[in-house]
Amino acid sequence: MIVITGATGSVGREATRLLLAAGHKVTAVTRDPSAAELPEGATVAEGDPSRPRSLAAVWAGVEGVLLSPRAVGDAAAELLAAAAEHGARRVVVLSASTVQYPAGEPRFAQAFKAAEDTARASGLAWTLLRCADFAANALAWAPQIRATGKVRGAYPDAATSPIHQRDIAEVAALALTDPEHAGCSYVLTGPQSLTQQDKAAAIGEAIDSPVSFVEVAPEQVRAAMLTQGLPADVPDRLLGSLADYARRPGPTTETVQKLLGRPALSFETWAAENAAAFQD
């Protein structure tokens, strides 16, 4: 049985679906089962991964854990100790490419590095998935694209190779079920480096209506996000990394293709699949 933390996130949800389709038992942890809408066949367990004692009922029969540091916070060591005590053999960590290719404020990469170090020290067989920015992060643009056909943001030339959540989830499912990947660190990216302007244009192609990127000052973006009620960490994380990617693009790897035997899914594919989110 595989325990999924961050089960209602884009990767956790897709990993749950893939593991179930392959015949594995999955326990998906969520703080609110009534609103989780997780794939049929999953055992949905109510609990807070950042408070591992709330997960006492999930560990029976556990073999592996998908660890989402954002869901678990500072409680990774306690959570993995509980999993190991109940027989877990492996852990897969959803980490960030910034651990290996620094960008943005160091404290954010350090938090992922701390989760990686905890997995290494847990006694479990570990695999680290150091992911580029998610293609799904572009959903944050949906309200303004629907309203204006434009994206207003900072650093239009910031370039990354955004990765489709399905690719991350498929690699995670592989690492959770195949011991060959124990002790490996993988940098996972999409197949192509794209600027923010490129991504806006790709969404425009997907919805058959041009989408332009309008540059505004970083200070304006920060103020707007704070006005929306977002915590300061959100603009700090976003703007810090974009500033660095405007100076030097993020990494592009072929790791997904090597592991899965097929090309990584493009941002254009993601945009086409999610076109409805950007349309009225």
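Annotations
- Here ILE207 meets each of (1) among the β-branched types (Val, Ile, Thr); (2) at pLDDT 95 or above; (3) surrounded by fewer than 16 Cβ atoms within 10 Å (Cβ to Cβ) with one exception, condition (3).
Yes/no matrix, rows are residues, columns are (1) within 28 Å of SER161 (Cα to Cα); (2) modelled with pLDDT of 95 or more; (3) β-branched (Val, Ile, Thr):
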| position | (1), (2), (3) |
| --- | --- |
| VAL11 | yes, yes, yes |
| PRO33 | no, no, no |
| GLY47 | no, no, no |
| ALA60 | no, no, no |
| GLY73 | yes, no, no |
| VAL93 | yes, yes, yes |
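- A Cβ distance below 9 Å, combined with a sequence gap of six or more or placement on separate chains, defines the contacts here; from the range 173-188, residues that are on the phi > 0 side of the Ramachandran plot reach residues that are outside any helix (DSSP H, G or I) in the pairs GLY183/ALA125; GLY183/TRP126; GLY183/THR127.
- Looking across the range 1-33, the residues that are among the charged types (D, E, K, R) and within 14 Å of SER54 (Cβ to Cβ) come down to ARG31, ASP32.
- Test: residue in the range 23-41 that is within 18 Å of ALA111 (Cβ to Cβ), without any contact (Cβ under 8 Å) to a residue 60 or more places away in the chain and in contact with a Lys or Arg (Cβ under 9 Å, 6 or more places away or on another chain): no
- Test for LEU238: is it of a type in the set (A, V, I, L, M) and over 18 Å from ILE145 (Cβ atoms): no
- Conditions (1) within 27 Å of VAL171 (Cα to Cα); (2) in contact (Cβ under 8 Å) with a residue 40 or more places away in the chain; (3) surrounded by 18 or more Cβ atoms within 10 Å (Cβ to Cβ): number failed by PHE213: (1)
- Just one of the listed residues (HIS86, HIS24) is more than 28 Å from ALA132 (Cα to Cα), assigned by TED's automatic domain parsing to the domain that holds ALA109 and not polar (S, T, N, Q), namely HIS86.
- Among residues that are in contact with a helix residue (DSSP H, G or I) (Cβ under 6 Å, 6 or more places away or on another chain), of a type outside the set (Lys, Arg) and surrounded by fewer than 20 Cβ atoms within 10 Å (Cβ to Cβ), ALA246 is not included.
- Residue count for the range 159-176 satisfying the condition of being in contact with a Pro (Cβ under 8 Å, 6 or more places away or on another chain) and either closer than 29 Å to VAL62 by Cα or not hydroxyl-bearing (Ser, Thr, Tyr) (or both): 1.
- Inspection of the range 229-239 identifies no residue that is buried (at least 19 other Cβ atoms within 10 Å of the Cβ), out of contact with any Lys or Arg (no Cβ under 6 Å at 6 or more places or on another chain), among the β-branched types (Val, Ile, Thr) and under 26 Å from TYR101 (Cβ atoms).
- Matching entry among VAL44, VAL72, VAL58, VAL65 (being in the same structural domain as ALA175 (by TED's automatic domain parsing), more than 20 Å from the chain's Cα centre (by Cα) and in contact (Cβ under 8 Å) with a residue 40 or more places away in the chain): VAL58
- Filter pass, GLY149 being at pLDDT 95 or above, over 24 Å from VAL62 (Cβ atoms) and surrounded by 18 or more Cβ atoms within 10 Å (Cβ to Cβ): no
- Among the residues of the range 68-113, the ones that are farther than 18 Å from VAL234 by Cα and in contact with a Cys (Cβ under 9 Å, 6 or more places away or on another chain) come to 1 in all.
- When PRO231 is tested against (1) touching a His at 6+ places or on another chain (Cβ under 9 Å); (2) without any contact (Cβ under 8 Å) to a residue 12 or more places away in the chain, just one condition goes unmet, and that condition is (1).
The values are calculated or read from the model by the stated rules, or taken from the named source; none is laboratory data. What you see is a predicted model, and the numbers here were worked out from it, not measured in a lab. In this analysis, Cβ positions are derived from the backbone assuming ideal geometry, glycine residues included, and neighbour counts consider all displayed protein chains.
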